[in-house]
């Protein structure tokens, strides 16, 4: 059974078909930080278009009677006690770190 908010979302969800042309491939590649050779872009465009076509077929199915689920098995994950371990030995924790400073990991800057 859908909750009222889920029902509202499902009934108002409008999916517009997407097309992937050769000009879109470099934009997708840049977002995914992939390098795609120009001669491969046309074939990749066709492959992505066929994948999206398949997804559109799935979107056409009526799933209003299907309850949302978080796990296909129906099993709950076992819970464990939240116990802190190895936290009081910074030398052991940082022993495999490629670079460390004052008991901290040193990582490359990713945001300017």
Review point. Among (1) under 30 Å from residue 33 (Cα atoms); (2) surrounded by 10 or more Cβ atoms within 10 Å (Cβ to Cβ), where does residue 90 come up short?
Key: (1)
Practice item. Run down 58, 77 and say which single residue is exposed (fewer than 10 other Cβ atoms within 10 Å of the Cβ) and part of a helix (DSSP H, G or I). Key: 58
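Using the structure shown, decide if residue 50 is part of a helix (DSSP H, G or I), at negative phi, exposed (fewer than 13 other Cβ atoms within 10 Å of the Cβ) and out of contact with any strand residue (DSSP E or B) (no Cβ under 7 Å at 6 or more places or on another chain).
yes
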Practice item. Taking residue 72 as the residue in question, decide whether it is farther than 30 Å from residue 29 by Cβ and more than 23 Å from the chain's Cα centre (by Cα). Key: no
Practice item. Go through region 45-69 residue by residue and tally those that are within 18 Å of the chain's Cα centre (by Cα), over 30 Å from residue 110 (Cβ atoms) and touching a residue at least 24 places away in the same chain (Cβ under 8 Å). Key: 1
Review point. In the list 97, 65, 43, which residue meets the criterion of being part of a loop (DSSP other than H, G, I, E, B) and surrounded by 10 or more Cβ atoms within 10 Å (Cβ to Cβ)?
Key: 97
Review point. Which members of region 27-44 meet the condition of being under 29 Å from residue 60 (Cα atoms) and either within 21 Å of the chain's Cα centre (by Cα) or at pLDDT below 65 (or both)?
Key: 27, 28, 29, 31, 32, 44
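The values are calculated or read from the model by the stated rules, or taken from the named source; none is laboratory data. Just so it is clear, the structure is predicted and the values come from calculations on it, not from any experiment. Methodologically, a virtual Cβ is constructed for each residue, glycine included, from the backbone with ideal geometry; neighbour enumeration extends over all protein chains shown.
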